[in-house]
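Shown next, in structure tokens, is the structure this report addresses.
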Amino acid sequence: MTNIVNHWIGGKSAEGASGTYGPVTNPATGEVTTKVAFASVDEVDAAVAAAKEAYLTWGQSSLAQRTSILFAFRALLDAHRDEIAALITAEHGKVHSDALGEVARGLEIVDLACGISVQLKGELSTQVATRVDVASIRQPLGVVAGITPFNFPAMVPMWMFPVAIACGNTFVLKPSEKDPSAAVRIAELLSEAGLPDGVFNVVHGDKVAVDRLLEHPDVKAVSFVGSTPIARYIHATASANGKRVQALGGAKNHMLVLPDADLDAAADAAVSAAYGSAGERCMAISAVVAVGAIGDELVEKIRERAEKIKIGPGDDPASEMGPLITRAHRDKVASYVEGAAAEGCEVVLDGTGHTVDGHEDGHWIGISLLDRVPTTAKAYQDEIFGPVLCVLRAETYEEGVALINASPFGNGTAIFTRDGGAARRFQLEIEAGMVGVNVPIPVPVGYHSFGGWKDSLFGDHHIYGNDGTHFYTRGKVVTTRWPDPSDAPAGVDLGFPRNH
């Protein structure tokens, strides 16, 4: 009998009532192992109603209560990290070490939320006029929602809900229907940690569930991570319904390699950043820009390393890269490589024919490396979201920067060089939200915010860090004037001397 992943509403598992289900596949075998209930409008409404009811008390709870529960959740999450990583591997396909790394990065934001008291401190100005004080405070919004992608089914939700909950909001999560089990297990751990019923809810589904969250009058803010077309839709629709929105979109992250760079270090970085987690990362390096005469040597070093990557099931400790999430996505990624030569690319490595013995029905694709890629090629223009690395050539630093800045995306970028002056100039001139200097994937630590520029972000707030706290709260300024106790009416004795 196929397992069923149900919703989590009001502190308990809620069986799907819509009669609609989606398949959950083991990418390594191609086998449908689970089905997930898809929420109807009524079920989304039930989750929002549970969150709204819980907010009446959670929004008034003390910071000490909130953070103590988050500390307990952190301990449980740490104790169960292997279990959650195994769920991720079974449904997403990434290797176990990648899945453990995902949980660890999510834990960073739980750590941040445990110390949210510092971020929520207000400001006070005294005696701005005679006996007048002014205070600025931050308060929660109410019910907020998160819509998260398949590639990080544990980490990306943890980029959102710990901060939102710590700030006093209640949360409705709509995770990817492709790998939903990690979200439900996290909900169970939150409940075990003592989180009151209804503060955190999970509804699964498709566009029906998403659209209802975007239009529901009781949802005050929406966080999203996914592709640029959907991010644009989320932002436009939720904004039109009067909601606060942070919608993180797609990317085409470039790595500029200058002639003075350590080419071995650059090649190592390019391989890990392009092919780690099978390239299914919004911060993957998918385009290397080689400056000057070092291009041929760099490509050869990348090829040598890429050919050694062991591809296999994510639960095999020997595997370094797993399958792609679905057969359809695997075929789409392959199409970019299959059409590359006709668009002027030099195909150095073609991984489209790769299979794994004993797992022939899995969603396998090997490593692909394309050199001398023109900017007109689809493999360069589109976010492929797979293990395909494009190498472009530039004669000068200026040409390389102009090429990168011409991209409609502006998520992350990196430069590899030994020249501090060039690196400093690059970080100021490049049009991207996150920059690495000899660091290929510059994902910020939890207390700095994550977010891109241009078509990689819709909305004014980046995610987690200080921006996350500001997104999930709203400011209020209170101006106060109190009479002096000595001015009390005659006959009222407050114990204050009247002769001062």
How much of the DSSP bridge set in the chain is antiparallel, in percent, rounded to the nearest 5? 40 percent
Could you pull out every residue, at least 5 positions away or on a different chain, whose amide H is within less than 5 Å of the one on L258? Hs are placed 1.01 Å off N in the peptide plane, and Pro or chain starts have none. F416
Where GluC sites (Glu not before Pro) fall in DSSP loop in segment 1-75, at most 16 other Cβ within 10 Å: E15
Give a quick list of GluC sites (Glu not before Pro) in segment 386-426 that DSSP marks as loop, anything other than H, G, I, E or B, with at most 15 other Cβ atoms within 10 Å. E395
Anchor K252: lysines whose Cα lies under 29 Å away (excluding residues fewer than 8 positions away in-chain): K94, K174, K178, K207, K243, K301, K308, K310, K332, K378, K454
Axial C-alpha extent at least 15 Å, average Kyte-Doolittle at least 1.0 - helices from the chain (DSSP): 155-166
In square nanometres, what is one fourth of the surface area of the convex hull spanned by the alpha carbons of segment 109-174? 5.4 nm²
Normalised per residue, the volume of the convex hull around the Cα set of segment 141-253 (Å³): 98 Å³
Per residue solvent-accessible surface (Å²) - the chain, probe of 1.4 Å: 41 Å²
What is the Cα radius of gyration of segment 295-352 over 2.2 N^0.38 Å, N being its residue count? 1.33
Once exposed loop trypsin sites (Lys or Arg not before Pro) are cut out (DSSP; at most 14 other Cβ, 10 Å), longest piece of the chain: 132-307
How large is log10 I(q)/I(0) at q = 0.21, 0.24 Å⁻¹ when the Debye formula is applied to the Cα atoms of segment 249-343, each weighted equally and without solvent? -1.22, -1.36
Once amide H atoms are placed 1.01 Å from N in the peptide plane, what residues at a sequence separation of 5 or more from S456, or on another chain, have their amide H within under 5 Å of its amide H? G410
Find the eigenvalues of the gyration tensor of the Cα atoms of the chain, then list the square roots of 5 times those eigenvalues as equivalent ellipsoid semi-axes, largest first, in whole angstrom. 45, 30, 18
State the percentage of accessible surface on the chain attributable to carbon and sulfur atoms; use a 1.4 Å probe and exclude ligands, DNA and RNA. 52 percent
Mind listing the phi-derived Karplus ³J(HN,Hα) values for segment 118-125, rounded to whole Hz, using 6.51, -1.76 and 1.60 with θ = phi - 60°, and x for any glycine or proline? 5, 5, 8, 4, x, 10, 9, 10
Counting sequence-distant residues (5 or more places) and residues on other chains, those with an amide H built under 5 Å from that of K35 are N3, I4, V5, V24
Report the Cα centroid-to-centroid distance between segment 158-180 and segment 430-480 in angstrom, as an integer. 17 Å
Just to confirm my numbers, what's the Cα centroid distance between segment 105-141 and segment 280-311 in Å? 45 Å
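The values are calculated or read from the model by the stated rules, or taken from the named source; none is laboratory data. Bear in mind the structure is a predicted one, so any value in this text is a computation, not a measurement. Neighbour counts are summed over all protein chains in view; Cβ atoms, including those assigned to glycine, are modelled from backbone coordinates with ideal geometry. Just the protein is used for accessible areas: all its heavy atoms, side chains included, with ligands, DNA and RNA removed. Shrake-Rupley method; radii C 1.70, N 1.55, O 1.52, S 1.80 Å.
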